[in-house]
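So the structure is just underneath, and the comments pick up after that.
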Amino acid sequence: MLYSVLPGDVILSKNLLFLRSLLFLTALYAFTLVWGMICLLAFFFPYRARFRLATCWNRTVIWLAKCICGIRYQVIGSENLPDEPVILLSKHQSAWETIFFLYAMPKPLVFVLKKELLRIPFFGWTLTLLRMIPIDRSHGAKAFRKVIDEGRKRLREGLWIIIFPEGTRTAVGEKAKYRNSGTRLAIETKTKVVPVALNSGECWPRNSIIKKPGLITVSIGHPISPEEKSPDDMMLEVENWIESEMHRISPHAYRNTDQT
């Protein structure tokens, strides 16, 4: 027997998605307010203790997204993560991965981020406790010099660095120009990079309050050595792996492009 989806069912489904998303955002903002104040009280804690405390927020948000919105995840290739400082170069489709990576990686993680994020009440204030690398993109070469200098310090401390080479969130099935700042840092510091592909935008779309139930796949590639490579050649290797893997984990999103 065949069943048809009635217009009323579609409206009910959309309303349910909206209500679940609204409930999630309400819980997120309430928890952020409380946890942000707790983290600020931990200002005098040692760095790693501050990091563990702060990333309880991340773990809780991912759990809330699962329980309220039905957003699950799987990680492929975690065995590729080495036991040494690395630079993660990841696809960027939504805010989900910025939350997930901080608590899911085996080592404390440092983001290269816009300095404006530090001004966000509670959220940004907590970021200042975690040794992130804030930059002013309008400063060009000076900003990159800061990434190199601060990045070298963080790597020497045994921390990992994450950079989104496309620079911003991209829509599902799309890609932006890959910039070589991450591979330049890798060559300057003689550090391996690890490419990461993910399809978070299918469940947590950019610029939308609606969160959709589903399974997010995070795929981690083999480390790439900077030895005898130029920044552009190394980034091309990263880009080719990530975009190829994106076609594998989200084939439906690339159907039209594969046919052209």
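A short reminder: the numbers here are calculations on the coordinates, not readings from a lab. Predicted, not measured: the structure shown is a model, and the values here were computed from it. Neighbour counts run over all protein chains shown; Cβ positions are idealised from the backbone, glycine included.
Quick notes
- Neighbour cut-off at most 13 other Cβ (10 Å), DSSP loop, GluC sites (Glu not before Pro), the stretch 79-166: GLU157
- Rounded if a/c under 1.5, otherwise prolate or oblate - the stretch 41-172, Cα gyration tensor axes: rounded
- Our analysis of the stretch 71-125 gives Rg over Rh at 0.98, with the two radii drawn from alpha carbon positions and Rh computed by the Kirkwood formula.
- Seen through its C-alpha gyration tensor, with square-root eigenvalues sorted a ≥ b ≥ c, the stretch 121-198 comes out rounded because a/c lies under 1.5.
- Those trypsin sites (Lys or Arg not before Pro) in the stretch 137-183 that DSSP places in a loop and that have at most 10 other beta carbons within 10 Å: LYS177
- The Cα-based radius of gyration and maximum Cα-Cα distance (Dmax) for the stretch 146-253 are 15.1, 45 Å.
- Among the chymotrypsin sites (Phe, Trp or Tyr not before Pro) found in the stretch 22-99, those both in a DSSP coil and sparsely packed, with 10 or fewer other Cβ atoms within 10 Å of their Cβ, are PHE43, PHE44.
- Descending semi-axes in Å of the chain, equivalent ellipsoid built from Cα gyration tensor: 31, 25, 15
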